[in-house]
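Engineer: Structure below; questions to follow.
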Amino acid sequence: MSPMTMPKPSDQAKAAFQKLVPADSAVTTRPMFGNLSAFVNGNMFCGLFGEDLFVRVSDEDQAKIRKQGGRPFEPMPGRAMTGYVVLPGGWQKKTDTTRDWIVVALRWSKKLPPKVKAAKPAGSKATAAGRRSR
C-alpha cells in the first residue's frame, strides 16, 4: 500500500488565503493536512487543501454552498469531514463572496466550545527520553 499524498497549495493560493482570513485577535493560522488552515478557539474554520478552499459552516449554509457548485470536504476519498464544505472553484477570483463565506465560518466556529488539547499520558516524556538515550 502506498502512502497517501496530500495536495499542496500554490504560493498564489496561500497568498490569497492569507488576505481573505479576517484580522481577528482570536484567529490563528497554521499548517494542517500539509496545507494552511485558520483556527478560532482551537477549532478549524477554514483552510486550503491543494488549490481548494474549505469552510466549516452550518448544515443550511453547506447546502447553499453545494447549490453554488461546492462539495463535501473529503481529505480522504469517501470520508467527508462533518461540518465542512469545499467552496466552488474560482474562489480566488470571487474575493467578496469567498470572504463572506469565511466570515460566516468564523462566526459559526466561534460559537463552538473551545477545543481542549488532549492530555499527554503520564510518563510520556520520560519514556521518549529513555528511548533517545539508549
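The values are calculated or read from the model by the stated rules, or taken from the named source; none is laboratory data. Worth saying up front: this structure is predicted, and the values here are computed from it rather than measured. Neighbour counts are summed over all protein chains in view; Cβ atoms, including those assigned to glycine, are modelled from backbone coordinates with ideal geometry.
Engineer: If you take the residues in the stretch 54-74 that are aliphatic (A, V, I, L, M) and surrounded by 14 or more Cβ atoms within 10 Å (Cβ to Cβ), which one is farthest from Trp108 (Cα to Cα)?
Structural biologist: Looking only at the stretch 54-74, we keep the residues that are aliphatic (A, V, I, L, M), and these are 55, 57, 63, 65.
From what's left, surrounded by 14 or more Cβ atoms within 10 Å (Cβ to Cβ): 55, 57, 65.
Values: Val55: 10, Val57: 6, Ile65: 15 Å.
Taking the candidates together, the pick is Ile65.
Engineer: Out of all the residues in the stretch 85-102, is one or more free of Cβ contacts under 8 Å to residues at least 24 places away in the same chain and on the phi > 0 side of the Ramachandran plot?
Structural biologist: Yes.
Engineer: Could you list, in sequence order, all residues of the stretch 44-53 that are more than 12 Å from Pro88 (Cβ to Cβ) and surrounded by 18 or more Cβ atoms within 10 Å (Cβ to Cβ)?
Structural biologist: Listed by number, the residues that qualify are Met44, Phe45, Cys46, Gly47, Leu48, Phe49.
Engineer: Ok, one more. Residues that are in contact with a strand residue (DSSP E or B) (Cβ under 7 Å, 6 or more places away or on another chain) and modelled with pLDDT of 95 or more: find the helices (runs of 4 or more DSSP H) completely inside the stretch 20-134 holding 3 or more of those.
Structural biologist: By residue number, 59-67, 95-110.
Engineer: In addition: Say whether the condition of being surrounded by 15 or more Cβ atoms within 10 Å (Cβ to Cβ), touching a helix residue (DSSP H, G or I) at 6+ places or on another chain (Cβ under 8 Å) and among the hydroxyl-bearing types (Ser, Thr, Tyr) is met by at least one residue in the stretch 22-34.
Structural biologist: yes
Engineer: Oh, and also: Please specify each residue of the stretch 1-18 satisfying the condition of being without any contact (Cβ under 8 Å) to a residue 60 or more places away in the chain and outside any loop (DSSP other than H, G, I, E, B).
Structural biologist: Applying the first criterion (without any contact (Cβ under 8 Å) to a residue 60 or more places away in the chain) to the stretch 1-18 yields 1-3, 5, 7-11, 14-15, 17-18.
Result: Asp11, Lys14, Ala15, Phe17, Gln18.
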